[in-house]
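As structure tokens, the structure follows; a few thoughts come after it.
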Amino acid sequence: MALNLAPKISVPNINSMERPQTKLRAESDEDQGVAGAIKSLFDPNEKTKSGKVLPKAYVKSAREVVKTLRESLKEDPKDVAKFRRTADSAKESIRDYLSNWRGQEKVAGEESYMELEKAIRALASFYSKAGPSAPLPEEIKNEILNDLSTAEEFL
């Protein structure tokens, strides 16, 4: 009797092998994982708090106007240096916003756009009548702050 020392190798039958099943599943907004995060980086649109889908660049620009203008309006005008810094920052964000979004059909009918336009017009109207260094009356300041809050609700 001869000893067979060769190892036994089992070769599976290719025709009978089970193929892995790929299951497609619908991903919810909360369960997008890494792929969803990457997709959102390249998506030019953003879903707002109010549920509308707007251009991401618009939402960012509008939020910046709300933030900087609110900071400027809440600043104490007696602290001239700090007031000038916040006012300059607000002016810059307003200029950027208007140069990119004024008259753009994508956003012109949006509530946030209309409220921001209202706030900017009220500010511009006051300063064009009273001069660039006139103190802003509380009534106009509160009106603008209300417009900013309303705009923010839609962003």
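The values are calculated or read from the model by the stated rules, or taken from the named source; none is laboratory data. Note that the coordinates shown come from a computational prediction; the quantities given were computed from them, not determined experimentally. So basically every Cβ, Gly included, is an ideal-geometry build from the backbone, and we count neighbours across all protein chains shown.
At-a-glance table
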{"quantity": "Answer residue from region 78-99, given it is farther than 21 Å from K118 by Cβ and of a type in the set (D, E) and is modelled with the lowest pLDDT among those", "calculated": "D79"}
{"quantity": "The lone exception for W101 - which of (1) closer than 18 Å to V53 by Cβ; (2) buried (at least 17 other Cβ atoms within 10 Å of the Cβ); (3) in contact (Cβ under 8 Å) with a residue 60 or more places away in the chain it fails", "calculated": "(3)"}
{"quantity": "Matching entry among E75, E111, E71 (being out of contact with any strand residue (DSSP E or B) (no Cβ under 6 Å at 6 or more places or on another chain), at pLDDT below 90, charged (D, E, K, R) and surrounded by 14 or more Cβ atoms within 10 Å (Cβ to Cβ))", "calculated": "E75"}
{"quantity": "Answer from E92, E75 - the residue that is out of contact with any Pro (no Cβ under 9 Å at 6 or more places or on another chain) and farther than 30 Å from P44 by Cα", "calculated": "E75"}
{"quantity": "Residue that is within 27 Å of S133 (Cβ to Cβ) and basic (K, R), where the choices are K106, K74, K56", "calculated": "K74"}
{"quantity": "Where R84 falls short, out of the listed (1) closer than 26 Å to P44 by Cα; (2) loosely packed, with under 15 Cβ neighbours inside 10 Å", "calculated": "(1)"}
{"quantity": "Qualifying residues in region 104-123 (those that are of a type in the set (G, A, S) and in contact (Cβ under 8 Å) with a residue 40 or more places away in the chain) - the one nearest to K74 (Cα to Cα)", "calculated": "A119"}
{"quantity": "Some residue of region 105-112 being aliphatic (A, V, I, L, M) and within 16 Å of the chain's Cα centre (by Cα)", "calculated": "yes"}
{"quantity": "Qualifying residue in region 80-87 (condition: under 20 Å from E153 (Cβ atoms), assigned to a helix (DSSP H, G or I) and not aliphatic (A, V, I, L, M))", "calculated": "no"}
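Matching residues to (1) in a helix (DSSP H, G or I); (2) out of contact with any Asp or Glu (no Cβ under 6 Å at 6 or more places or on another chain); (3) farther than 19 Å from E152 by Cβ:
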| site | (1), (2), (3) |
| --- | --- |
| D76 | no, yes, yes |
| K91 | yes, yes, yes |
| L98 | yes, yes, no |
| G103 | no, yes, yes |
| E117 | yes, yes, no |
| F126 | yes, yes, yes |
| K141 | yes, yes, no |
